1. For the stretch 651-678, how many residues are more than 19 Å from Gly707 (Cβ to Cβ) and either of a type in the set (Phe, Trp, Tyr) or under 44 Å from the mean Cα position of the chain (by Cα) (or both)?
2. Cβ-Cβ distance below 6 Å, separation of 6 or more or different chains: which pairs start in the stretch 92-110 with a residue that is closer than 11 Å to Ile242 by Cβ and end on one that is at pLDDT below 95 and of a type in the set (Phe, Trp, Tyr)?
3. Within the stretch 287-302, how many residues are assigned to a helix (DSSP H, G or I), open to solvent by less than 20 Å² (accessible area, probe 1.4 Å) and closer than 12 Å to Leu65 by Cβ?
4. Please go through the stretch 611-622 and pick out each residue that is in contact with an Asp or Glu (Cβ under 8 Å, 6 or more places away or on another chain) and open to solvent by 10 Å² or more (accessible area, probe 1.4 Å).
5. Here is a list of conditions, (1) in a strand (DSSP E or B); (2) open to solvent by 80 Å² or more (accessible area, probe 1.4 Å); (3) not aliphatic (A, V, I, L, M), and Phe695 meets all of them except one; can you say which number that is?
6. Can you pull out every residue in the stretch 257-274 that is open to solvent by 10 Å² or more (accessible area, probe 1.4 Å), within 16 Å of Leu109 (Cα to Cα) and not in a loop (DSSP other than H, G, I, E, B)?
7. Residues that are more than 30 Å from Ser357 (Cβ to Cβ) and of a type in the set (Val, Ile, Thr): list the strands (runs of 3 or more DSSP E) wholly contained in the stretch 377-475 that include at least 3 such residues.
8. Only one residue in Gly613, Gly692 is closer than 18 Å to Glu557 by Cα, touching a Leu at 6+ places or on another chain (Cβ under 6 Å) and modelled with pLDDT of 90 or more, so which one is that?
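The values are calculated or read from the model by the stated rules, or taken from the named source; none is laboratory data. Everything quoted here is computed from the prediction, not taken from an experiment. Glycine gets a Cβ as well: all are built from the backbone with ideal geometry, and neighbour counts include every protein chain shown. For the accessible areas, the whole protein counts, side chains as well, though only heavy atoms, and no ligand, DNA or RNA atoms are used. Shrake-Rupley method; radii C 1.70, N 1.55, O 1.52, S 1.80 Å.
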Amino acid sequence: MPTPDKTDVDVPHRRQALLRHDLPASIVVFLIAIPLSLGIAAASGAPLMAGLIAAVVGGVVAGALSGAPLQVSGPAAGLTVIVAGTIADFGWAATTAIVALAGLVQLVLGVSKLGRAALALSPAVVHGMLAGIGIVIALSQVHVLLGGAPQSSAWANLRDLPRQVLANHTEAVFVGLLTIAILLIWPRFVKISLLPAALVAVVVATVTASVGGFDVARVDLPPNPLAEITFPRWPDGSPWQIAVAVLTIALVASVESLLSAVAVDRMHDGKRANLNKELLAQGAANTVSGALGGLPVTGVIVRSSTNVAAGARTRMSAILHGVWVGVFVLLFAALLEQIPLSALAAVLVVVGLRLVSLAQIKAYTRHRELPTYLVTALGVVFTDLLTGVALGMATAVLFMLARLARCEITRTSPAEGRWTVVITGTLAFIGSGRLARELSAIPEGGQVDLELHLDYLDHGAFETVQDWREAYERGGGHVTIREIHDSWFHRAMSGRLGGARSQSRVPRFLGSWSQWASIDQQRQDAMQAGIDEFERSVAPLVRPHLADLARDGQKPEQLFITCADSRLVPNLITTSGPGDLFTIRNVGNIVPAYGSGDSSVGAGIEYAVDVLGVSTITVCGHSGCGAVRAMMGGAAGEPSALGSWLAAADLTVDDASEEDCITANVAQQLRNLSSYPSVRRAVGEGRLTLTGLYFDLAEARMYTVSGGERRPVTVA
C-alpha cells in the first residue's frame, strides 16, 4: 500500500515519487473529477463553473495544506441538498459568501483543535445523513435523466416520478440509461485505472449523442470562464438565518472531510492524518472557493480512494489534479459543452444511490443501530437535513439510554429449595419495580444465590435488593450475594454500614476459586462451579475461535516450558489464548539432557519443533520455586522419584541465593535444550530461537534471563 510523503525524504526520491506515482495518479483523479464536479454543480442548482472552481481550489489549496496528504478535496455530493436549499433561500451570489464564511468557521474550529470533536457524532447518524442525501439526489436527478426537471422537494420528486416516467421517452432517456449501464458494467470487466468508469460513461454518452445528432440539453459554460466568476454578495436575511446556513455548511463539510480522512488512513500504512490540520486546510479551501464563486469543498472519499488505488505517494497528486482541471477548463471548455446533462444526471443517480450502502446497513443491523440510521435517512428525505440529523441524534441518545438501563434477570431452581438469581447489566432505579417482582416470586424459607454481573448499581436499586434480602432472611431464608467483575453492592453496603470502602474483586477469569467461590464450593465442587461459570460466561465468547482451531488444527508459535507450580498460570502471565502456546509443565521447569533416560519432555520438544514448527522455545522459572529449594536442600541426591527427577536438572547448587539459583536453573535448562538434535538443527537454520524468563510472583513482573542475569522485559 502507498505511504504518504515524509519531510525527511531527500529531493531525488521525492522527484522519483512524483514522476512514477503522483503524476499518473493525478491524471486518474482529474479524469474522474471532471464529470463529478459538473454533475454536483448541476444537481445543486449552481453554475457549472462553480463545481469546476471548487475542484481546482480543493486540489490546490486543500491539497497543499492538508493534514491527510493522500486525501483529495473538491465538491461533494453530500452537500448537494444543503447548497440547493441555500441557493433557493439566498441566491447564488449570497451562497458563495456563506461558503466563504463557513470556511472561516472551519478555520476557527481547526485553530481550537476541535478536529476530533466532529467524530463524536454517531457514525449511524452521519451515514444515515449521507444515505438520505443520496436518495434526495437520486430522486431529483432521475427527472433530469428522463428529460424533465426536478421538483422542489424529495416528496414532490417521488410523487411525480410515475408521471415523468410515462411522459418522457426522449433521447435524453437513452443517453442516461447508456451512461448508467457503462457505470455499472465497466468496473466489472476493465481494471485500467487511467480509464475510470465515470469518465468512460460520460465520453461514450457524449459521442453517442453527438454522432446521433440527439436533441438533448447540454453543458453550458460561459465563453470566457474567468470573466464570468460570481463574486460573493452579503446575504439578504436575518442574522439567525445566515448563521444557521453558515454553521450547517461548516459542520457538515467538516464531518464529511474528517470521516473521509479517517477512511483514507485505513487504505495506506503511512503517517496517520492530522485532523486539526486537515480542518484548517478545508477551512482555507472553502474560504477561497467561496470568494471565487465556487461550491463548498470537502474531502471526498470517491476521489481519495481512487488516488490511493492509483498509487499516489505524496500530496502532489491532489495538487496536480486541481491544476489539470483548471488547465482543461481554460483551454478545452468547448469539449465540456458537448456533454449531455442527462449523462451527468445519470452519474449523480448512481453516486447518490451508492451513498446508501448495503454493507453499512448490515453492520448497523448487527450492532442494533439500524433505527438510528433509518430515522436519520428518512428524516433527511422527507423533512430537511437539520431536522433529519436532529431526529437521528435523538434516536441514538434514546437507544443509548435504553442500552445503559438494560438489565437481564434470570431465576432458576436447580435444586429443591435452592434458587439461583443472575442479574446482568445496569441495575438502576427505573428497573427496581421489575426487580422487586422477580425477587418476591421466590418462595420463602429457601436458599438463594444472588449473582450480580453489573456495570452499574445505583442507590435506589441497591436499597431494593438489600430490603428484600433483609425481609427474606427474617422469614427464615438465606441469601448469598456474589459479585462478578466489580463490587458495586459490597461498596454500597460498606458505605451504608459506615465502614471502609471494600476492595474491588478480581474478575473470575483472573481470580482463583478462593476469590469468588463460597467456602462450601471450595470444599465440595469448586471445579464444577468453575466449569459452570466457563460454560455460561466464557464459552460463548471463545466458541467460534475454538471451532476454527478444531477444524484447522493447532499452529502455535511458541513452546512454553514452565513449572507445575499452581501459582503460575501461563496464559495469564503471557496474555495468550487458545492456539497460542504449546505448553510443557513439570516440577522445576526441567529439560533433561538428550539421551538422559527421560523421554516425555523430549517427545514434547521434538513434536513442537519438527511437527508444529514453533519459532520460539521459552523456559520460564519463577520465584519461590519449591524444586530449586529442594535442590538447594540436597533433595536432588536422595533415592526417590523426586530426587531422581531433580537430578535431571543437571544444576550445580552452590552458596548462591535462591533467586540466583532459579536464574541459573533456567540458563541450565536452555543449555540442555541445545543437546536435542532437532533443536540444534532448527537453531542452526535460523528458524528457532531459545529464550529464558523469570517470573517474580510477588511483583507479578517478568524478567528475561540471558547469560545468567535477569533483566526486565521490554517491548521494542
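1. 2
2. Between residues of the stretch 92-110 that are closer than 11 Å to Ile242 by Cβ and residues that are at pLDDT below 95 and of a type in the set (Phe, Trp, Tyr), the close pairs are Ala97/Trp234.
3. So the first thing to find is which residues in the stretch 287-302 are assigned to a helix (DSSP H, G or I), and the list is 287-291, 301-302.
Imposing the further condition that a residue be open to solvent by less than 20 Å² (accessible area, probe 1.4 Å) reduces the set to 289-290.
With the extra rule that they be closer than 12 Å to Leu65 by Cβ, the set shrinks to none.
Summing the residues that are assigned to a helix (DSSP H, G or I), open to solvent by less than 20 Å² (accessible area, probe 1.4 Å) and closer than 12 Å to Leu65 by Cβ in the stretch 287-302 gives 0.
4. Narrowing the stretch 611-622 to residues in contact with an Asp or Glu (Cβ under 8 Å, 6 or more places away or on another chain): 614-616, 622.
Ser615, Thr616 - these are the residues of the stretch 611-622 that are in contact with an Asp or Glu (Cβ under 8 Å, 6 or more places away or on another chain) and open to solvent by 10 Å² or more (accessible area, probe 1.4 Å).
5. (2)
6. Leu259
7. On the way: elements: 407-415, 418-427, 447-457.
In the stretch 377-475, the matching strands (runs of 3 or more DSSP E) lie at 407-415, 418-427.
8. Working: Gly613 fails: touching a Leu at 6+ places or on another chain (Cβ under 6 Å).
So the residue among Gly613, Gly692 that is closer than 18 Å to Glu557 by Cα, touching a Leu at 6+ places or on another chain (Cβ under 6 Å) and modelled with pLDDT of 90 or more is Gly692.
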